[in-house]
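Everything on this sheet refers to the single structure shown next.
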Amino acid sequence: MTYYRVRVSTQNHAEADILNDNYGYLWWVTTVEGHAAYYAAGYGGQFIYLVPNSDLVVVMTGNASFPELSKHLDIVTVITYFLCHLLLPLLN
């Protein structure tokens, strides 16, 4: 039952124009350098970023003093860059 819930929650259920990623049930669904990836984005820059086939989990706490969307998108860009250019090459 748990595997089913995880699988369903990380499938595309809605297209989003904001981040060019899709949305599952509480998870954003994307790819990073060809790897399936999922992330939860919380208030003020809190993130959980998962790349399952590389056994990678990145957690970032945030600063609730800047909940503006533009800064939120900047954090997504920084984490994606960090994953693509620094972490994933080391793991593969």
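Quick note: the coordinates plus some simple rules give every number you see, no bench work behind them. Note that this is a predicted model, so its numbers are computed, not measured. Every residue, glycine among them, receives a Cβ derived from its backbone with ideal geometry; neighbour counts consider all protein chains shown.
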Highest mean first, how do 34-40, 50-56 rank when packing is the count of other Cβ atoms within 10 Å averaged over residues?
34-40, 50-56
How far apart, in nanometres, would the label points at Asp17 and Leu86 be if each is projected 7 angstrom from Cα along the Cα-to-Cβ direction?
3.3
If the label point sits 7 Å along Cα→Cβ of Val78, residues of the stretch 25-47 with amide N under 12 Å come out as 45-47
Two-site label geometry, Thr2 and Tyr25: point separation in nm, points 7 Å out along Cα→Cβ
1.6
